[in-house]
Amino acid sequence: MSKTLLIVESPSKCSTLKKILGAGYDVKASVGHIRSIPKKGMNIDIKNGFEPKYEITHDKKQVVKDLKAAAVKADNIILASDSDREGEAIGFSVFEQFNAACKKKCVRATFDEITPKVVLAAVKDTREIDMDLVNAQKARQVLDRLIGYKISPLLWFTVGSGLSAGRVQSIALKIVCERENEIKNFKPVDYWLIDSLLQGKNGDFWAKVITKDKDNRYMDEKISKEDFEKLKKATFKVSKVEKKEVKRKAQAPFDTASLQSTCSSLFGWSTKKTAMLSQKLYEQGKVTYIRTDSYSISKEAIGEVRKFIGDSINSDYLPSKPNAYSKKSKAAAQEAHECIRPTNVVSVGDDVGDLDQQKLYKLIRSRFVACQMSDMKVNTVVYHIDASTKHKLIAKGQAVKFDGWSKVYKYSSTKEELLPECVEGEKLDLMDIKCTKHATNPPPRYKEGSLVTKMEKDGVGRPSTYASIMEAIQKRGYVDKVKGKKGSLEATELGLNVFNYLQPNFKDFFMDLKFTAEMEDDLDKIAHGDKTFLEVVQTVYDFMQAAIKKAEAASPKNKDVSTGEKCLTCDGGYVVQKHGKFGDFFSCDQYPTCKTIFVKDEEGKFSIKKKAVQKDTGSKCPECKQGNIVERKSKHGVFFACNRFPACKTIVNKEEDGTFTKPERKKKSY
């Protein structure tokens, strides 16, 4: 019996796929990427067509060895890594490890859901590796490395050592910093509103005085008070009644950006958590592929959901034809994927993983079902009211006539505002009137979800990169989450310093939203075969070199500022003011011979900065058995570690009973 080797990315898929494919298949995983461009050095051969130098990562050497051994034994090999560009590149990297004989046995297959029907069809409908997709992913890697490697050193000399500039992360930082500056420079403006409680034959309601300003505001306190006094003595009547039936269409099914944004606002989840949970649902075969920027739905899936709506809900909730959705953002769908939807719309998800996975599945399922249901119908009413003082007032109400899609999607609803029945010409009695003072608010800070939405709208980043970008800008200390603000993102001083250097010096290059979006479009064109790898990379590289040259000429390197005070520790040294990644500090100009750090008091006198006292816990290090566990502090808070650092780099957790244990290493999720 012939044996087929099927290679996927995630080991979590293997058992499900083995059950589907049966005994004739051996299913193995590459466990994500097997190779990468080494971190040390640029490792891009610029003279040889910008070819990157790859190496097998240390933790994947055994994986590669096992895959090569299995390939030799197999009669056929199917490379079934994920169906996006990154997956195509992973499949190609595995292919390149095989000998000539094994390469001849290789074909490529993709599937966007792990169900028997789709998987069995995919392994019969194989193709060759798509080198356009591979080259698009390679171009992304090369451009990211070139920009990071060439521009980061400029930050070291001007802002602080060890800092990083990234092609897309810097745009994310820019968006956060610009909002931070808007908030910092915001000056609240006072305004006033006048509301009247009016009594008709069938009940009372509040009406707002109409002004020429936004939202019927009074921007002048004096005028608001004058009108308030006049209206207190006025008589009122309904001059016009407007009644309409308004249809409200369901939201589109989820793509990656909208799913991450919705989970951020509804559940307070980070993009990383949403990505991890949705990946698990995909690997269990519960939902379709979760890295997509498309709203499209297969004809088969539309047929299944329409049958479900008609049979299980009510035929009144089934529109005469399927609802269609299209993208309004600058980024058109770059991959031939569907939206994120359940693979079996009938399943309610009670058998799915943990509670968070169930919560996410039910959100995806209800959104998908709702997107193919009838519109919600809302009755709206507007009363136009004339006052005897020549002022005009307005009252608006609405009531749901038919709930439509909101019957299943409970996360988005219409608030009913009921007004008593009135007719034109009806006189109204003034029961109460109030003039209230308000102030304009600064724009809200971004959260991870709204930042992803903004990036997608501007055509920056792609579904596979959003979560890693959010993680990168926070991990590097450029952005923090504001405590007590439910995930609001705030630019740190370090982040603002990085932005304040990059923005003026590279405003026409990668700090320009339009330029970065066009670069993403060029990557799409490589994937579609409309441009070549070299054509795109060479153009960006030439532009970058000119931008760097201009930035170097305009940006003097940081210089130490002498204080004129002698060092208190060594002979011949002087105290200087230096600039580091976390701001200014004082040290000896003889560094590294003298490593003394100073603090300056209010009178301008310098003293040696005292080292933080390490509190000995009295417990031995569980790793080296020689050192003691001490309590230490960092910018992230208190932690416990061995006092023999750097000889021993053990960090431990303190349990409730006071004992110390080594933390378990988290396995990477793919």
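The values are calculated or read from the model by the stated rules, or taken from the named source; none is laboratory data. Model, not experiment: these values are computed from the prediction. As a convention, Cβ positions derive from the backbone with ideal geometry for all residues, glycine included, and neighbour counts pool all protein chains shown. Heavy atoms of the whole protein, side chains included, go into the accessibility calculation; ligands, DNA and RNA do not. Shrake-Rupley method; radii C 1.70, N 1.55, O 1.52, S 1.80 Å.
Of the residues that make up the stretch 438-461, is at least one closer than 21 Å to I194 by Cα and open to solvent by less than 50 Å² (accessible area, probe 1.4 Å)? Among the residues of the stretch 438-461, at least one is closer than 21 Å to I194 by Cα and open to solvent by less than 50 Å² (accessible area, probe 1.4 Å), which makes the answer yes. The residues of the stretch 441-466 that are aliphatic (A, V, I, L, M) and over 10 Å from the mean Cα position of the chain (by Cα) amount to a single one, V460. Applying the criterion of being in a loop (DSSP other than H, G, I, E, B), open to solvent by 100 Å² or more (accessible area, probe 1.4 Å) and under 15 Å from T617 (Cα atoms) to the residues of the stretch 645-668, the residue that is modelled with the highest pLDDT is D657.
In the stretch 12-26 there is no residue that is touching an Asp or Glu at 6+ places or on another chain (Cβ under 7 Å), open to solvent by less than 10 Å² (accessible area, probe 1.4 Å) and among the aliphatic types (A, V, I, L, M). Residues in the stretch 623-644 that are among the hydrophobic types (A, V, I, L, M, F, W, C) and farther than 15 Å from V613 by Cα: C624 alone. Screening F98, F92 for residues that are touching a helix residue (DSSP H, G or I) at 6+ places or on another chain (Cβ under 7 Å), open to solvent by 10 Å² or more (accessible area, probe 1.4 Å) and more than 15 Å from R127 (Cβ to Cβ) leaves exactly one candidate, F98. Which residues, taken from the stretch 357-375, are assigned to a helix (DSSP H, G or I), surrounded by fewer than 23 Cβ atoms within 10 Å (Cβ to Cβ) and either β-branched (V, I, T) or in contact (Cβ under 8 Å) with a residue 12 or more places away in the chain (or both)? Hits for the stretch 357-375 are Q357, K359, K362, L363, S366.
The stretch 205-322 holds helices (runs of 4 or more DSSP H) entirely within its bounds, and those carrying 2 or more residues that are aliphatic (A, V, I, L, M) and open to solvent by 20 Å² or more (accessible area, probe 1.4 Å) map to 271-283.
Here E518 fulfils each of the conditions (1) open to solvent by less than 30 Å² (accessible area, probe 1.4 Å); (2) part of a helix (DSSP H, G or I); (3) at pLDDT below 95 apart from (1). Scanning the stretch 27-50 for residues that are among the acidic types (D, E) and surrounded by 17 or more Cβ atoms within 10 Å (Cβ to Cβ) yields a total of 0.
Of the numbered criteria (1) aromatic (F, W, Y); (2) more than 20 Å from H438 (Cβ to Cβ); (3) out of contact with any Leu (no Cβ under 8 Å at 6 or more places or on another chain), the one F228 fails is (2).
Listed here are the residues, each with its yes/no results for (1) in contact with an Asp or Glu (Cβ under 8 Å, 6 or more places away or on another chain); (2) without any contact (Cβ under 8 Å) to a residue 40 or more places away in the chain; (3) over 30 Å from K233 (Cβ atoms).
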{"site": "W405", "(1), (2), (3)": "yes, no, yes"}
{"site": "Y409", "(1), (2), (3)": "no, no, yes"}
{"site": "E426", "(1), (2), (3)": "no, no, no"}
{"site": "K434", "(1), (2), (3)": "yes, no, no"}
{"site": "P443", "(1), (2), (3)": "yes, no, yes"}
{"site": "G459", "(1), (2), (3)": "yes, no, yes"}
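Scanning the stretch 621-644 for residues that are over 24 Å from K483 (Cβ atoms) and in a loop (DSSP other than H, G, I, E, B) gives C621, P622, E623, C624, K625, Q626, G627, N643, R644.
Taking the criterion of being within 30 Å of D429 (Cβ to Cβ), open to solvent by less than 50 Å² (accessible area, probe 1.4 Å) and in contact with a His (Cβ under 6 Å, 6 or more places away or on another chain), would at least one residue in the stretch 181-191 satisfy it? For the stretch 181-191, residues within 30 Å of D429 (Cβ to Cβ), open to solvent by less than 50 Å² (accessible area, probe 1.4 Å) and in contact with a His (Cβ under 6 Å, 6 or more places away or on another chain): present.
A single entry from G477, G495, G487 fulfils the requirement of being open to solvent by less than 20 Å² (accessible area, probe 1.4 Å), modelled with pLDDT under 95 and touching a strand residue (DSSP E or B) at 6+ places or on another chain (Cβ under 7 Å): G495. Looking across the stretch 593-610, the residues that are open to solvent by 80 Å² or more (accessible area, probe 1.4 Å) and either within 16 Å of G572 (Cβ to Cβ) or part of a loop (DSSP other than H, G, I, E, B) (or both) come down to T593, K595, E602, E603, K605, K609, K610.
Please specify each residue of the stretch 235-286 satisfying the condition of being hydrophobic (A, V, I, L, M, F, W, C) and more than 24 Å from Q398 (Cβ to Cβ). If the condition is that a residue be hydrophobic (A, V, I, L, M, F, W, C) and more than 24 Å from Q398 (Cβ to Cβ), then F254, A257, L259, C263, F267, W269, A275, M276, L277, L281 are the ones that fit. Candidates in the stretch 86-121 are the residues that are assigned to a helix (DSSP H, G or I) and acidic (D, E); of these, the one that is nearest to R291 (Cα to Cα) is E86. The sole residue among D571, D584 that is outside any strand (DSSP E or B) and modelled with pLDDT under 85 is D571. Hey, any hits in the stretch 349-356 for a residue that's surrounded by fewer than 22 Cβ atoms within 10 Å (Cβ to Cβ) and within 30 Å of K212 (Cα to Cα)? No, the stretch 349-356 has no match at all.
Counting the residues of the stretch 376-399 that are open to solvent by less than 50 Å² (accessible area, probe 1.4 Å) and within 21 Å of N323 (Cα to Cα) gives 2. Taking every residue in the stretch 216-230 that is closer than 14 Å to H391 by Cβ and pairing it with any residue that is open to solvent by 40 Å² or more (accessible area, probe 1.4 Å) and in a loop (DSSP other than H, G, I, E, B), at least 6 positions away or on another chain, the pairs with Cβ-Cβ distances below 8 Å are N216/I210; D227/T389; K230/T389.
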